[in-house]
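Contents: one structure, followed by commentary.
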Amino acid sequence: MQFKKLSLIVLAFAAFAPALSAQNPIIKDAFSADPSAHVFEGRVYVYPSHDIPAPADYARKDWFCMADYHVYSSDNLVDWVDHGVIVDQDHVPWVNAAGYSMWAPDCNYKNGKYYFYFPAPQKPQPGQRFAGNGIGVAISDTPYGPFIPEETPIQGIGGIDPCIFIDDDGTPYLAWSGRGLQVARLKDNMLELDSEPVTITGIPRGQTEGPFLFKRNGKYYYTFPWVEDARETLAYCMSDNPMGPYTFMGKFMEQSETICWTNHHSFIELDGQWYLFYHHNDYSPYFDKNRSVCVDYVEFNADGTIVPVVPTLRGVGVTKANSLIQIDRYSDKSEKYVAVDFLNSDFTFDGWKAILWNTTQEREPRWISYDRVDFGQTPLNTATIRVHSLAGGTVELRADALDGPVLATIQVPGSPVWAERSIPVTESVKGVHNLYLLMTNGNHIEVDWVNFK
Ligand code: FUB
C-alpha cells in the first residue's frame, strides 16, 4: 500500500514531454527498444523498453541496462508524445531494484482497464543469489497511466517478453518466451493463467524470443525474432487457433545490416494500413544494447502471408513542408556518391546529414529524395536548407521527380561552417509530393534539413 502511494506520486510528476518527430528512428532523444504498439481509441500507443548507458552501480557495462518504461503516443504516426515514465524498477514490490533488466513489455485493454505486462528479475529471498525472472502486471484507467503494479508477478510462469492478445470474443492470451515460445489463455481478470502453457513447435533450429501474437482475417499470427544465421531476423507462424498448432511460415524481416544482434517487433492496423514496429541500433552504431524504435509499412499477400519488410530511413507518414524535413532519412538516392553520417559522432542524438559529392573523374548530378511532403494549399514563398560546403556549389529542390518542377535553386557559397541558406521559391506546388534534392554543381555538399515557408 505504502508503495502504491509512492508510485502514484512519482507518476504524477511524469510530465508530458515535447512531441518527437517523424522518420526512423521515431524516438529521437532517448534509446528505445522492443516496441509494442497498439491502437486505443484511434490513437497509437507504443510501449518500448528503455535502454540506458549502464550507471555506476550496475556492473555489466557490456549488457542491456533498463530501469523503467515510458509510453509514447501519436495520432498520425509522425508527431509523437512522450508521456513519461509509467513503471520503474524502484516502485514494483517484487522487482529487484538493482536488476536493471526491465525487458520487453506489452499493454492491452480489457473491461475498462489497461494492463501493462513486463518482465523483470525478482527480489532475491534471503540466502538466494538470483530469484529468476517474473512477468508482472500494472493496471491503469488510461493507456498512459498512472499504472499501479500488482504486488506479485503472475504465478506459475517465468521468462521474458510478454505479449497480451485479446481475441474478438474477449478471451485474453499471453504469449511469452520461457522454455521456448509459449502461449496460454488468461482468466478474465488478466492476472492468472486459465490454461496450461503450450509451447510453439515446428520452428526450425535457432534462438527465438520476443513473441507478438495478432489476428488478421480470421488467421492467428505468432511472430517472433529468430536467429537463422548470425543475428535476429523476424519470422512467423500461422494458425486457425490462438493456442495452435502453428505452421512455420518463414521470415518477414532479414537480420540487420548493422551489428544489432536483437530485433523485436509488433504490428498494428490503423485506418486499413498495417504497420510494423521494430528496433535497430541507429544512434549507437558500436554498441547494440542501445537501440532505437523504427516503424515501416507492411503489406500482406492475398493468401495472408506477410510481404517481407525492408527497413527504411524514411519511415511512415506525411511530413509537413514547413517542418524541418530531415532529408538524410531518404527514400531513394543516386547510385553513387551519396552517403549519410552523424552531424556529431560524439552526440548521435543530434541526428544525421546527407553528403553528396563528386570525384574528378566522375561528375554527375548527385541526388537524394524524400517521399510524402505536404506542401499545403497556400503557396509557399521561401525555401531554406541547412548546409555545409567548403568549396560551395548549387543545389536544386524539385517536386515529384528528378526532372519535376524546380521549387528552388540555391547557390551555396563556400564556408567552413554550417549555415542556413534561404531563397524565394520559384515554383510552388500544393498537396503531397515527393521531394528531390540535387547537387547540380559542386564537389562536396552536406545537407542537414530542408524547409519551406
Ligand atoms: O531488450 C532486452 C531483450 O532483447 C528483449 O527482451 C528481447 O526481446 C531482445 O530484444
Q: Could you check, for region 226-236, whether at least one of its residues is loosely packed, with under 15 Cβ neighbours inside 10 Å, touching a Pro at 6+ places or on another chain (Cβ under 9 Å), free of Cβ contacts under 8 Å to residues at least 40 places away in the same chain and more than 26 Å from Val44 (Cα to Cα)?
A: no
Q) Within region 316-327, can one find any residue that is touching a Lys or Arg at 6+ places or on another chain (Cβ under 9 Å) and among the basic types (Lys, Arg)? A) no
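Conditions tested, residue by residue: (1) crowded, with 21+ Cβ neighbours inside 10 Å; (2) more than 13 Å from the ligand (Cβ to nearest atom).
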{"residue": "Phe31", "(1), (2)": "yes, no"}
{"residue": "Phe40", "(1), (2)": "no, yes"}
{"residue": "Pro53", "(1), (2)": "no, yes"}
{"residue": "Ala59", "(1), (2)": "no, yes"}
{"residue": "Trp63", "(1), (2)": "no, no"}
{"residue": "His70", "(1), (2)": "yes, yes"}
{"residue": "Asn76", "(1), (2)": "no, yes"}
{"residue": "His83", "(1), (2)": "no, yes"}
Q.
Here is a check on your reading of the model: is Ala138 part of a loop (DSSP other than H, G, I, E, B), out of contact with any Lys or Arg (no Cβ under 8 Å at 6 or more places or on another chain) and in contact (Cβ under 8 Å) with a residue 40 or more places away in the chain?
A. no
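Among the candidates Ala14, Ala59, Ala22, Ala37, single out the residue that is at pLDDT below 95 and within 15 Å of Tyr144 (Cα to Cα). Show your work before the answer.
Working: Ala59 fails: within 15 Å of Tyr144 (Cα to Cα); Ala22 fails: within 15 Å of Tyr144 (Cα to Cα); Ala37 fails: at pLDDT below 95.
None of the others qualify; the one that does is Ala14.
Could you tell me whether Ala354 is assigned to a strand (DSSP E or B) and either farther than 30 Å from Asn76 by Cα or of a type outside the set (Ser, Thr, Tyr) (or both)? Let's see the steps before the verdict.
Values: assigned to a strand (DSSP E or B): yes; either farther than 30 Å from Asn76 by Cα or of a type outside the set (Ser, Thr, Tyr) (or both): yes.
Considered against the rule, which asks whether it is assigned to a strand (DSSP E or B) and either farther than 30 Å from Asn76 by Cα or of a type outside the set (Ser, Thr, Tyr) (or both), Ala354 comes out as yes.
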**Q.** Which listed residue, of Gly158, Gly112, is surrounded by fewer than 21 Cβ atoms within 10 Å (Cβ to Cβ) and within 15 Å of the ligand (Cβ to nearest atom)
**A.** Gly158
**Q.** Pairs where the first residue, in region 33-47, is in contact (Cβ under 8 Å) with a residue 40 or more places away in the chain and the second is among the aromatic types (Phe, Trp, Tyr) and within 16 Å of the ligand (Cβ to nearest atom), C-beta under 6 Å, 6+ apart
**A.** Pro35/Phe277; Ser36/Tyr47; Ala37/Phe277
Q) Which residue out of Asp303, Asp296 is at pLDDT 95 or above, away from the ligand (no atom under 16 Å from the Cβ), surrounded by fewer than 22 Cβ atoms within 10 Å (Cβ to Cβ) and not in a loop (DSSP other than H, G, I, E, B)? A) Asp296
**Q.** Test set (1) over 32 Å from the mean Cα position of the chain (by Cα); (2) assigned to a strand (DSSP E or B) - Glu364 fails condition number
**A.** (2)
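May I ask you to say which residue of Tyr278, Tyr330, Tyr283 is touching a helix residue (DSSP H, G or I) at 6+ places or on another chain (Cβ under 7 Å), buried (at least 19 other Cβ atoms within 10 Å of the Cβ) and modelled with pLDDT of 95 or more? Give the steps one after another, and end with the answer.
On the way: Tyr278 fails: touching a helix residue (DSSP H, G or I) at 6+ places or on another chain (Cβ under 7 Å); Tyr330 fails: touching a helix residue (DSSP H, G or I) at 6+ places or on another chain (Cβ under 7 Å).
Testing whether each residue is touching a helix residue (DSSP H, G or I) at 6+ places or on another chain (Cβ under 7 Å), buried (at least 19 other Cβ atoms within 10 Å of the Cβ) and modelled with pLDDT of 95 or more leaves just Tyr283.
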Q. Across region 161-213, what is the total count of residues that are in contact (Cβ under 8 Å) with a residue 12 or more places away in the chain, away from the ligand (no atom under 13 Å from the Cβ), among the polar types (S, T, N, Q) and under 22 Å from His38 (Cα atoms)?
A. 2
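Going through Pro242, Pro225 one at a time, which residue ends up being touching a Leu at 6+ places or on another chain (Cβ under 9 Å), away from the ligand (no atom under 16 Å from the Cβ) and modelled with pLDDT of 95 or more? Before the answer, list the steps.
Values: Pro225 fails: away from the ligand (no atom under 16 Å from the Cβ).
Being touching a Leu at 6+ places or on another chain (Cβ under 9 Å), away from the ligand (no atom under 16 Å from the Cβ) and modelled with pLDDT of 95 or more holds for just one of Pro242, Pro225, which is Pro242.
In this structure, is Gly145 more than 16 Å from the ligand (Cβ to nearest atom), surrounded by 17 or more Cβ atoms within 10 Å (Cβ to Cβ) and more than 14 Å from Asn189 (Cα to Cα)?
On the way: more than 16 Å from the ligand (Cβ to nearest atom): yes; surrounded by 17 or more Cβ atoms within 10 Å (Cβ to Cβ): yes; more than 14 Å from Asn189 (Cα to Cα): yes.
Yes.
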Q. Taking into account only those residues within region 424-439 that are among the hydroxyl-bearing types (Ser, Thr, Tyr) and at pLDDT 95 or above, which is farthest from Thr360 (Cα to Cα)?
A. Thr426
Q. What residue, among those in region 245-271 that are among the aliphatic types (A, V, I, L, M) and over 14 Å from Val227 (Cα atoms), is nearest to the ligand (Cβ to nearest atom)?
A. Ile268
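Please specify each residue of region 42-51 satisfying the condition of being within 23 Å of Phe214 (Cβ to Cβ) and either within 16 Å of the ligand (Cβ to nearest atom) or not β-branched (Val, Ile, Thr) (or both).
Just the residues of region 42-51 that are within 23 Å of Phe214 (Cβ to Cβ), to begin with: 42-49.
Hits for region 42-51 are Gly42, Arg43, Tyr45, Val46, Tyr47, Pro48, Ser49.
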Q) Of all residues in region 174-208, which are in a loop (DSSP other than H, G, I, E, B) and on the phi > 0 side of the Ramachandran plot? A) Met190, Gly202, Gly206
Q | Filtered residue count, region 121-132, keeping only those that are in a strand (DSSP E or B) and over 25 Å from the mean Cα position of the chain (by Cα) | A | 1
Q: From (1) under 22 Å from Ala419 (Cβ atoms); (2) without any contact (Cβ under 8 Å) to a residue 60 or more places away in the chain; (3) in contact with a Lys or Arg (Cβ under 7 Å, 6 or more places away or on another chain), pick out the condition that doesn't hold for Asp374.
A: (1)
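The values are calculated or read from the model by the stated rules, or taken from the named source; none is laboratory data. Just so we're clear, the structure is a prediction, and the values are computed from it rather than from any experiment. When we count neighbours, we look across all protein chains shown, and the Cβ atoms used for this are built from the backbone with ideal geometry, even at glycine.
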